[in-house]
1. So residue 433 clears everything in (1) at pLDDT 75 or above; (2) surrounded by fewer than 19 Cβ atoms within 10 Å (Cβ to Cβ); (3) closer than 24 Å to residue 375 by Cα; (4) of a type in the set (D, E, K, R) except one condition, right? Which one?
2. Just need a number here: residues in the range 186-222 that are surrounded by 14 or more Cβ atoms within 10 Å (Cβ to Cβ) and among the polar types (S, T, N, Q).
3. From the list 392, 413, which residue is buried (at least 21 other Cβ atoms within 10 Å of the Cβ), out of contact with any Ser or Thr (no Cβ under 6 Å at 6 or more places or on another chain) and at pLDDT 85 or above?
4. Out of curiosity, is residue 55 over 25 Å from residue 125 (Cβ atoms), buried (at least 17 other Cβ atoms within 10 Å of the Cβ) and in contact (Cβ under 8 Å) with a residue 12 or more places away in the chain?
5. Residue 133: of a type in the set (Lys, Arg) and modelled with pLDDT under 85, yes or no?
6. Restricting attention to the range 168-175, does a residue exist that is under 14 Å from residue 230 (Cα atoms) and within 31 Å of the chain's Cα centre (by Cα)?
7. How about the range 163-185: which of its residues are of a type outside the set (A, V, I, L, M, F, W, C), free of Cβ contacts under 8 Å to residues at least 24 places away in the same chain, in contact with a Phe, Trp or Tyr (Cβ under 9 Å, 6 or more places away or on another chain) and open to solvent by 30 Å² or more (accessible area, probe 1.4 Å)?
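The values are calculated or read from the model by the stated rules, or taken from the named source; none is laboratory data. All figures in this text were calculated on a predicted structure; none of them were measured in a lab. Cβ sites come from the backbone with ideal geometry, for glycine too, and all protein chains shown count toward neighbours. Side chains are part of the model used for accessible areas, which takes the heavy atoms of the whole protein and leaves out ligands, DNA and RNA. Shrake-Rupley method; radii C 1.70, N 1.55, O 1.52, S 1.80 Å.
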Amino acid sequence: MSADLKVLVVDDNEDLAVGIRDILHEKGYRAAVAHTGDAAVRRCEEEAFDLVLLDFNLPDMDGLSAQERLTGRVDADFIIITGYASVSSAAAAVARPRIVGYETKPLDVDRLLTLIRQIGDRRRTERALAKSRARYETLYGAITDALFVHSLEADGSMGRFLEVNDIACARYGYFREEMLRMTPSDLDDPDSDLDVPAVLDKLGRGMSMTFEQVHVARDGRRIPVEIHARTFQLDGKSGVICLVRDITERKRAEKERRRMERRLLDMRRHESLGVMAGGIAHDFNNILAVVIGNLDLAMEESGLSHGVVGNLAASRAAAMRAAGLVNQMLAFSGKGHFQVDALDLNEVAAAAAAAMISLAPPGATLVTRPHPAPLMIDADAPQLRQIISNLVINAFESLGEGESGRVILSTGVEECGPDRIEQTAPEAWLTYEPSAETVRCAFLEVRDNGRGMDPETRKRIFEPFFTSKFHGRGLGMCAVIGIVRGHGGYIHVDSRPGDGATIRVLFPLMETADGARESDAPAMGGSPAETTLPPSPCAGAASHSESPAIAFRSVMVVDDEAPVRTLLRMMLEKEGRAVVTAANGMEAVTRYHESEGRIDLILMDLSMPLMGGVEAFVELRRTGCAAPVILTSGYSEQQIKKEMGDKGFAAFLQKPFSKGQLMALLDRLAS
């Protein structure tokens, strides 16, 4: 290994210098000579040397001066050689940096070679250490996580940091020298619930660990971190090396994921409740259609006493109230009846508030704060009034009996989009579907200073029949969410116990002359259940009568419910029409063709087994049937249009309907 040490011999005695060089060559060292200080300087400027054997007395300068000049030009150690040794010169020499030996003439060659060999071994070790250090620093600096090395004290406690990387210093805002005076506990959040003694116990037993902690930076920022820690032994002492990863984004993503999962569960729960409510409402409408229709027929009988007529009328009124409850169920399911018009939200809110002032409990006041400009939206006025009524009544009830309080009904404008959602509590938004666009909305807000709600109550206020009082009275609040969903709007709920509640309902603004943003949701057109859709080109074409009063002499009733078929047959036969019935669409197609086209009009239910109303209508038209078809269903006209479009039905009747509504519709179709 001697070949990796390069030696320069500087002595004005040429024979001595060459002799030392030759001996070094024999031992495998690379060596060169110079006879003056200047010559040595020039030689060191041309090539690098590891060791310089330097005569104390040179012709042009003394050895110490030469060593001073050479030190700035070469990374080498020096051995001073002299024939005039003295204590003072030796002391002056060894006091200089990089002078590692002082030899007197005549030289002890073996001693000199031993010293040179020791210097070579040391320099090789230093180079290996420098290379290792460079590799270590490269790897250390390439780690993108914070890296801590700290001691582990004999009592098992955490000692000071022994090493930290640049990432750690940058993350926590400390200089490296500052961090090396700190311990890991100086970074720990004092409110953290990590069981530190348990962690230290496991580390002290040589176990590797991965755990989460919260650190606090110099500026007070709380940083959630994941720590991978393991112990090591060095020179008989224990230490811990920790790789510390900032998991702020992971925690934020986990929180968002949990929020979205809760939101999805809530949406699925509301959706399942809506499906159930819609199905129940559909079946109840079929039942109520039979009840109300038979009551109408019974009331038309002659010779009834006044008391019987009163009883029948009371029964019919109760059935109509039941129909209203069914409509609330349809509203909750998002399948309610909407007739959308361009409305000023301010006007609707003012009219509703005026009608509700009398409902305020003793000591309570209702205050209105309308927006100064018109707020034009596409909406159904009765449904809007129902929203306002339900929210205000709920606010009144939150004030408590005999307590004074105030309910504020206000309107305004708000931008609603992803940024706005994130600025508030995202979980407080209901019916909101994330969108890349920001929508300009008109809002209706009801605020009270009542008891407020805890988080569990706040999540459940729109569930059917849920109440925080002794008993509930219906589907009021759950109908609100269905109506808002049907209008493409949003609901924001903000409430805390003892702090009152604020419920804000937002509807997309219509496009106006000043460029206000219009709703992205499609406008929900339509008409009352007993009115017609656009008539088909063949409407009334099959009538055999010249008089509208007896138009559609032959009618086919298609419904899978036998009581409904019987009721409609009785209604139509009582008006002088011939009736054919069918229990499903497949039977209807067969019956029509058996009649050889003598059926003038078809009254057909939407939902039936084997073949539904839509499929039967398509098949009838395909096989040449030109008779107008009236579609009936327990669902609303808007829901039918939304799901199936306009298939060319002559008209639509929503169940339950009265005999008068049916006959009026036939007269309009005939005309």
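1. (1)
2. 2
3. Step by step, each of 392, 413 is checked, and only 392 is buried (at least 21 other Cβ atoms within 10 Å of the Cβ), out of contact with any Ser or Thr (no Cβ under 6 Å at 6 or more places or on another chain) and at pLDDT 85 or above.
4. Yes; evaluated as a whole, the condition is true for this residue.
5. Taking the combined requirement at face value, the residue satisfies it.
6. So far as the range 168-175 goes, no, none of its residues is under 14 Å from residue 230 (Cα atoms) and within 31 Å of the chain's Cα centre (by Cα).
7. 181
Residue by residue, here is whether (1) among the small types (Gly, Ala, Ser); (2) under 30 Å from residue 25 (Cα atoms) holds:
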| position | (1), (2) |
| --- | --- |
| 121 | no, yes |
| 125 | no, yes |
| 150 | no, no |
| 156 | yes, no |
| 163 | no, no |
| 167 | no, no |
| 195 | no, no |
